[in-house]
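Novice: Mind looking over this structure? Questions follow.
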Amino acid sequence: MSPARDPLALFKGCLLTTVALTIVLFFFRLYLARAVVIWFGGISFILVFLKKELLRLAFKSGLQTQYRRRFILVGTGDETPRCGR
């Protein structure tokens, strides 16, 4: 997914979660202020978006070398180039 479409997909997910939470609260007859549910959706969008952006910036700045997975390939000489892609 492209970085330009990430916020839209995240917004749709938070909106769907907020609507689902509203429906669940309605069916279980739990009465909360409407603003609480809306704030939940907004704050969750902001926090997840900030986390994704901070991780993107951290990996872009060169911290990805610490988190890169390392593999040991064992096999014959003609098998290992196939697996090392």
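Novice: Scan segment 1-41 residue by residue and report those that are polar (S, T, N, Q), under 30 Å from ARG56 (Cα atoms) and in contact with a helix residue (DSSP H, G or I) (Cβ under 9 Å, 6 or more places away or on another chain).
Specialist: Those that are polar (S, T, N, Q), under 30 Å from ARG56 (Cα atoms) and in contact with a helix residue (DSSP H, G or I) (Cβ under 9 Å, 6 or more places away or on another chain): THR17, THR18.
Novice: Please state which one of PHE45, PHE26, PHE59 is at pLDDT 75 or above, under 20 Å from the mean Cα position of the chain (by Cα) and more than 18 Å from PHE11 (Cα to Cα).
Specialist: Matching residue, one of PHE45, PHE26, PHE59: PHE59.
The values are calculated or read from the model by the stated rules, or taken from the named source; none is laboratory data. It should be emphasised that the depicted structure is a prediction, and the values quoted were computed from it without experimental measurement. Backbone-built Cβ (ideal geometry, glycine too); neighbour counts: all protein chains shown.
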